[in-house]
Amino acid sequence: MKKGHLQTMSVAFQQICNGEREWTALGNFMNYWYEYAKDRREDLIIDPLPAYDMGSLYQHRWAVFCAASVEWFCNKYQVPCPEWVYDPKYRLSEPWFFYTREPVKSRLLQTTPEEFIKRNIFCGDNCYANKWELAEPSLL
């Protein structure tokens, strides 16, 4: 980790727009959220996404996904959600299913979190599985 560098959601989205593999950029964000900068979570999501080509369905889908992701992370981890995620531009007019084959599509309809559904994204409920939490012994 570079001193002073944070892999914010804004940085991750910019990397996606610049050709980085989507889940590499988002995975790097997850590393910071879950471990490297978990004491600075608000800093990781406060900056709005950079401007992008609204005519690009690819960029628009990932912008909407990133906004939904920030809202999901904030709700799950009780972090104040920045206002920028509620901008109406962060909604798809047509549903986007990560997988379109049945029965997976049916499962996505049933398991996708509300933060994504309201933006017309159907990705299921395990996009952001936390390997650090999964590895921790249960406190029960």
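The values are calculated or read from the model by the stated rules, or taken from the named source; none is laboratory data. Keep in mind the model is a prediction, meaning the values are calculated, not measured. Every residue, glycine among them, receives a Cβ derived from its backbone with ideal geometry; neighbour counts consider all protein chains shown. The area values use the complete protein model at the heavy-atom level, side chains included, leaving out ligands, DNA and RNA. Shrake-Rupley method; radii C 1.70, N 1.55, O 1.52, S 1.80 Å.
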Counted residues, region 25-41 - those being open to solvent by 20 Å² or more (accessible area, probe 1.4 Å) and among the aliphatic types (A, V, I, L, M) | 1
Yes/no for Y90 being crowded, with 16+ Cβ neighbours inside 10 Å and either at pLDDT 95 or above or over 14 Å from the mean Cα position of the chain (by Cα) (or both) | yes
Within region 42-53, the residues that are open to solvent by 30 Å² or more (accessible area, probe 1.4 Å) and in contact with a helix residue (DSSP H, G or I) (Cβ under 6 Å, 6 or more places away or on another chain) are D47, P48, P50, Y52, D53
Checking V70 against (1) open to solvent by less than 60 Å² (accessible area, probe 1.4 Å); (2) closer than 19 Å to N120 by Cα; (3) out of contact with any helix residue (DSSP H, G or I) (no Cβ under 7 Å at 6 or more places or on another chain), which test does it fail?
-> (3)
Can you give me the number of residues within region 73-86 that are more than 17 Å from A129 (Cβ to Cβ) and either in contact with a helix residue (DSSP H, G or I) (Cβ under 9 Å, 6 or more places away or on another chain) or open to solvent by less than 80 Å² (accessible area, probe 1.4 Å) (or both)?
-> 8
